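The next block holds one structure in the form of structure tokens; read it before the comments.
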Amino acid sequence: MPAIADTISGRTAGIIVFSSDEVLYKNTKAEKLLSKGILRVGRDGISCKDPDANSCLRLAQQSNQAQNCQPILLQNQNDGRQFLLKIIAPINTAGESKQACSAIIVEIGEEEEIDDEDVMQFGRLFQLTKSETLVLSAVLRLMPLKQYAEQQGIQLDTAHKQLKQVMQKLCVNNQKSIFRKFERYRFIS
């Protein structure tokens, strides 16, 4: 399960499987959140510093219909970062009388850096040329095409043509769809 959960969660979601006072599984992102004290696992299950969010967490963990619970908004008191946490329905652990719960936590407002290697692999998947991959990288980094063209020493018209080729090879009609397709790729890669 750990390898699958890490792959599915990618870089964005923390996944914790816990029962009463012990963590049964945590991915890398969840481990960071636990080590920074944003979340804790104790005898009452998972908790946080915010009393309002804690009462929601307690109810979600006690409910047998946790999958119907709304995500819970948590805010780190130290730096103001916000997280959405979703409790997944309790499950019985094999051969034991105690139940285990899962929690998925995602930081909202987090701007994840674009990894050059991810862009290169994505470009190879769609058979983009080197120049098309470079313009794709610029677009994904929200660089204006004019700035990209100046940086590359090419005409703005050339940059537009390269971007048009990228969109054609990705079978998309707009830049928003480029982002969507790239994020789906990163989710499974």
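The values are calculated or read from the model by the stated rules, or taken from the named source; none is laboratory data. Here the structure is a predicted model, which means the values were calculated and not measured. Every residue, glycine as well, gets a Cβ built from its backbone with ideal geometry; the counts of neighbours run over all protein chains shown.
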TODO: State whether the residues of region 128-137 include one that is in a loop (DSSP other than H, G, I, E, B) and farther than 30 Å from L84 by Cα.
DONE: yes
Inside region 140-165, the number of residues satisfying the requirement of being in a helix (DSSP H, G or I) and free of Cβ contacts under 8 Å to residues at least 40 places away in the same chain is 18
Residue pairs qualifying under the 7 Å Cβ cut-off, at least six apart or on distinct chains, with the first in region 54-74 being closer than 14 Å to G42 by Cα and the second being surrounded by fewer than 18 Cβ atoms within 10 Å (Cβ to Cβ) and at pLDDT below 80, are R58/D44
Looking across region 25-52 at residues that are modelled with pLDDT under 80 and in contact with an Asp or Glu (Cβ under 7 Å, 6 or more places away or on another chain), the single one that is nearest to L85 (Cα to Cα) is G42
Being at pLDDT below 70, among the polar types (S, T, N, Q) and either surrounded by 13 or more Cβ atoms within 10 Å (Cβ to Cβ) or within 18 Å of G14 (Cα to Cα) (or both) is the requirement here; does Q67 meet it?
yes
By residue number, the members of region 123-142 that are at positive phi and over 24 Å from the mean Cα position of the chain (by Cα) are Q127
G123 vs (1) modelled with pLDDT under 70; (2) part of a helix (DSSP H, G or I); (3) of a type in the set (G, A, S): all pass except (1)
Exercise for review: Please verify whether region 119-133 includes one or more residues that are closer than 16 Å to M167 by Cβ, surrounded by 14 or more Cβ atoms within 10 Å (Cβ to Cβ), without any contact (Cβ under 8 Å) to a residue 40 or more places away in the chain and touching a His at 6+ places or on another chain (Cβ under 8 Å).
Suggested key: no
